[in-house]
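Novice: Mind looking over this structure? Questions follow.
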Amino acid sequence: MLLMKISTMNVRNSFTRLVFPLTLFFSLYLAAIPVAGSTHDTPNIVYILADDLGYGDVSCYNAESKIRTTHIDRLAQKGRRFTDAHTPSAVCTPTRYGILTGRYCWRTRLKYRVLDGLDPPLIEKSRLTVPALLKQAGYNTACVGKWHLGMQWTDKKGQPVPAVSIDRKIPPRAGDDVDYTRAILGGPVARGFDSYFGISASLNMSPFCFIENDRPYVIPTIPTERIATEFLSVDKGVRSADFTISAVMPRLTGEAIRYIESQAEDASHPFFLYFPLTAPHLPLVPNHEYHGKSEAGEYGDFVLEVDACVGAIVETLKRTGLIENTLIIFTSDNGGLYHWWTPQEADDLKYYRLNRRAKYVKERGHQGNAFLRGTKADIWEGGHRVPFIASWPNRIPAGTSSDELIELTDLIATCAAITQTELPAGAGEDSRNILPALLGEKTEKPLRDYAVHHSLWGHFAIRQGAWKMIPKRGSGGFTYPRDITPSQGEPTGQLYNIEEDPSETRNLWNEHPEIVRRLSVLLKKVQAEQQ
């Protein structure tokens, strides 16, 4: 019986219909219990990371969005909205590595692509992480959600499951040769978190089971076949009896709420909750209460489920009296997939490809990356410029915005500043303290002298001030063509003035050779450091 297939085709079953109301009931019941506020000075930190959410999906970033993200918008009204925030990578795994370590992922073994659900740990055992740093400062730490940074599984012969070459031309592994009764090594609880509940990788990757701390919550024993459609692709794998894809988001939200409630019972220590969501990443599986609630089809409905999740977390913090001393950050791990260019624009930009995803976007009129060029995986702005909202009552000025250049690698240096801790040598090499920007403080110079971006297939870009330089042609990601061999006389790379041309429509490579040389030298210098 392929319940996974049923859940992705119908996206509903009796388990899902039972789980979500129960989760909602108990979450609201627990949230209504009065609890004392924090008794410490340092803030609690809740970091909510959406999966594949585009810059233009959030309505406070895009007036023409077909999705009204009321809870996220309200968070922005209570806090600070950043308009020039970037992920270090245009895809999932590398960005998550950068968030938790403050280090660019291309400095590791993963030079391009992402891990699958059975790959060994990417974060080195000796590397300082955000939760480890905060634990040293007296924080309780928890991760609830999608990990996708590798875990060391053991096969049925008692041997460690090896990494699959990133050059593989096969789908991610099914995992039917893994001994799921054995403890998982090198996961979140081995990298600084006190507790973990979530899934190993993306919604479409095996193993399809929840993991609690270092073991599957329920052993996955049910084989599932691969399903390949435009919006419901799921890899071959194994599933546990309690797992359906559409139940993941409500289950994770309930677990996050329960964690906050548990911390409110004894608020003598601050806590760090890292909450990486599984939506709106494919497959598109919005629960029934969100169906038809957006004007952007199932994708928009799934974004609304993300929005509701943010609202539930904020409401829990309010009802427990923790909101006043909690720094909430909401962002995304890379740009969105749902973006479409008109044929005329695309012909000029030489990368138009009409596929079902583009047709889906065109029919609904929703631009998931707003005015930005490209999509998730691309080296263009649509691949790595993301919404970034920070709220901290009485500390972050409400209803404000900032055009400060920041990267998601900046979390560890910022946490060090918040806790007045000095990062040790060799830690957070690519992280910068953005606390002044969060608090709205004026500084004499930019907090970031440069930012480096990386695409799915390993294309680099470097940003400094108004200028962005890409040494290669093409998108470096999903958008066609991925790579371009320039004809004689054509630019060999790409140079854009992002302040004047954020849509990257005018390649100024040949017009400003001096800027190309300066940024090329800087990029090579950064690449050579701390390898």
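Novice: Among the residues of segment 489-531 satisfying the criterion of being surrounded by 14 or more Cβ atoms within 10 Å (Cβ to Cβ) and among the charged types (D, E, K, R), which is farthest from Arg107 (Cα to Cα)?
Specialist: It comes out as Asp501.
Novice: Answer yes or no as to whether Gly117 is in a loop (DSSP other than H, G, I, E, B), more than 15 Å from the chain's Cα centre (by Cα) and crowded, with 23+ Cβ neighbours inside 10 Å.
Specialist: For Gly117, the condition - in a loop (DSSP other than H, G, I, E, B), more than 15 Å from the chain's Cα centre (by Cα) and crowded, with 23+ Cβ neighbours inside 10 Å - is met.
Novice: Would a scan of segment 294-310 turn up a residue that is over 24 Å from the mean Cα position of the chain (by Cα) and either within 21 Å of Tyr55 (Cα to Cα) or modelled with pLDDT of 95 or more (or both)?
Specialist: No, that holds for no residue.
Novice: Turning to a different aspect of this structure: Which one is nearest to Leu522 (Cα to Cα), of the residues in segment 453-466 that are among the hydrophobic types (A, V, I, L, M, F, W, C) and either assigned by TED's automatic domain parsing to the domain that holds Lys376 or part of a loop (DSSP other than H, G, I, E, B) (or both)? First the steps, then the outcome.
Specialist: If we filter segment 453-466 for residues that are among the hydrophobic types (A, V, I, L, M, F, W, C), which is where we start, we get 456-457, 460-462, 466.
This time we only want the ones that are either assigned by TED's automatic domain parsing to the domain that holds Lys376 or part of a loop (DSSP other than H, G, I, E, B) (or both), so: 456-457, 466.
Numbers: Leu456: 22, Trp457: 21, Ala466: 15 Å.
Here the answer is Ala466.
Novice: Still on this model: Report whether or not Ser401 is surrounded by 21 or more Cβ atoms within 10 Å (Cβ to Cβ) and touching a strand residue (DSSP E or B) at 6+ places or on another chain (Cβ under 9 Å).
Specialist: Spelling it out, it is not the case that Ser401 is surrounded by 21 or more Cβ atoms within 10 Å (Cβ to Cβ) and touching a strand residue (DSSP E or B) at 6+ places or on another chain (Cβ under 9 Å).
Novice: Just to check your reading of the model, which residue among Arg107, Arg103, Arg80, Arg68 is within 18 Å of the chain's Cα centre (by Cα) and basic (Lys, Arg)?
Specialist: On the way: Arg107 fails: within 18 Å of the chain's Cα centre (by Cα); Arg80 fails: within 18 Å of the chain's Cα centre (by Cα); Arg68 fails: within 18 Å of the chain's Cα centre (by Cα).
From the options Arg107, Arg103, Arg80, Arg68, the qualifying one is Arg103.
Novice: Taking segment 276-301, which residues are of a type in the set (A, V, I, L, M, F, W, C) and over 26 Å from Leu100 (Cβ atoms)?
Specialist: Leu284, Val285, Ala296 - these are the residues of segment 276-301 that are of a type in the set (A, V, I, L, M, F, W, C) and over 26 Å from Leu100 (Cβ atoms).
Novice: Checking the conditions here, which among Leu134, Leu110, Leu115, Leu122 is in the same structural domain as Cys309 (by TED's automatic domain parsing), in contact with a helix residue (DSSP H, G or I) (Cβ under 7 Å, 6 or more places away or on another chain) and within 18 Å of Thr278 (Cβ to Cβ)?
Specialist: Leu115
Novice: Quick one: which residue in Ser262, Ser233 is at pLDDT 95 or above, of a type outside the set (Phe, Trp, Tyr) and in the same structural domain as Thr331 (by TED's automatic domain parsing)?
Specialist: So the residue among Ser262, Ser233 that is at pLDDT 95 or above, of a type outside the set (Phe, Trp, Tyr) and in the same structural domain as Thr331 (by TED's automatic domain parsing) is Ser262.
Novice: I need a count of the residues in segment 361-378 that are over 16 Å from the mean Cα position of the chain (by Cα) and on the phi < 0 side of the Ramachandran plot. Walk me through how you get there before you give the answer.
Specialist: Start the filter on segment 361-378 by keeping residues that are over 16 Å from the mean Cα position of the chain (by Cα), which leaves 361-367, 370-374.
Retained after the next criterion (residues that are on the phi < 0 side of the Ramachandran plot): 361-364, 366-367, 371-373.
Of the residues in that region, 9 qualify.
Novice: Is there a residue being farther than 25 Å from Cys105 by Cα, surrounded by fewer than 20 Cβ atoms within 10 Å (Cβ to Cβ), among the charged types (D, E, K, R) and in the same structural domain as Phe272 (by TED's automatic domain parsing) anywhere in segment 412-423?
Specialist: no
Novice: To continue, here is another question. Hey, can you tell me all the residues within segment 45-96 that are charged (D, E, K, R) and either without any contact (Cβ under 8 Å) to a residue 12 or more places away in the chain or in a helix (DSSP H, G or I) (or both)?
Specialist: Passing the criteria: Asp73, Arg74, Lys78, Arg96.
Novice: May I pose another question? When residues of segment 236-257 are filtered for being in contact with a Gly (Cβ under 8 Å, 6 or more places away or on another chain) and over 26 Å from Ile313 (Cα atoms), how many remain?
Specialist: 2
Novice: A further question on this structure: Under 8 Å by Cβ, and 6 or more places apart or on different chains, what pairs join a residue from segment 182-194 that is farther than 18 Å from Thr141 by Cβ and touching a residue at least 12 places away in the same chain (Cβ under 8 Å) with one that is small (Gly, Ala, Ser) and crowded, with 17+ Cβ neighbours inside 10 Å?
Specialist: From residues that are farther than 18 Å from Thr141 by Cβ and touching a residue at least 12 places away in the same chain (Cβ under 8 Å), there are no pairs.
Novice: Please go through segment 231-247 and give me each residue that is surrounded by fewer than 19 Cβ atoms within 10 Å (Cβ to Cβ) and under 18 Å from Pro280 (Cβ atoms), ordered by number.
Specialist: Phe231, Ser233
Novice: Moving on to the next point. Just to check your reading of the model, which residue among Asp73, Asp57 is at pLDDT 85 or above and either in contact with a Pro (Cβ under 9 Å, 6 or more places away or on another chain) or not assigned by TED's automatic domain parsing to the domain that holds Phe388 (or both)?
Specialist: Values: Asp73 fails: either in contact with a Pro (Cβ under 9 Å, 6 or more places away or on another chain) or not assigned by TED's automatic domain parsing to the domain that holds Phe388 (or both).
Step by step, each of Asp73, Asp57 is checked, and only Asp57 is at pLDDT 85 or above and either in contact with a Pro (Cβ under 9 Å, 6 or more places away or on another chain) or not assigned by TED's automatic domain parsing to the domain that holds Phe388 (or both).
Novice: Does Glu429 fit the bill of being in the same structural domain as Arg373 (by TED's automatic domain parsing) and within 21 Å of Ile406 (Cα to Cα)?
Specialist: So Glu429 fits the description; yes.
Novice: Something else about it: Would you please name the residue that is modelled with the lowest pLDDT, looking only at residues in segment 323-374 that are in contact with a Ser or Thr (Cβ under 8 Å, 6 or more places away or on another chain), among the charged types (D, E, K, R) and not in a helix (DSSP H, G or I)?
Specialist: Per the stated criteria, the residue is Arg353.
The values are calculated or read from the model by the stated rules, or taken from the named source; none is laboratory data. This structure is a prediction, so every number in the text was calculated from the model and none was measured. Virtual Cβ from ideal backbone geometry, glycine too; neighbours counted across all protein chains shown.
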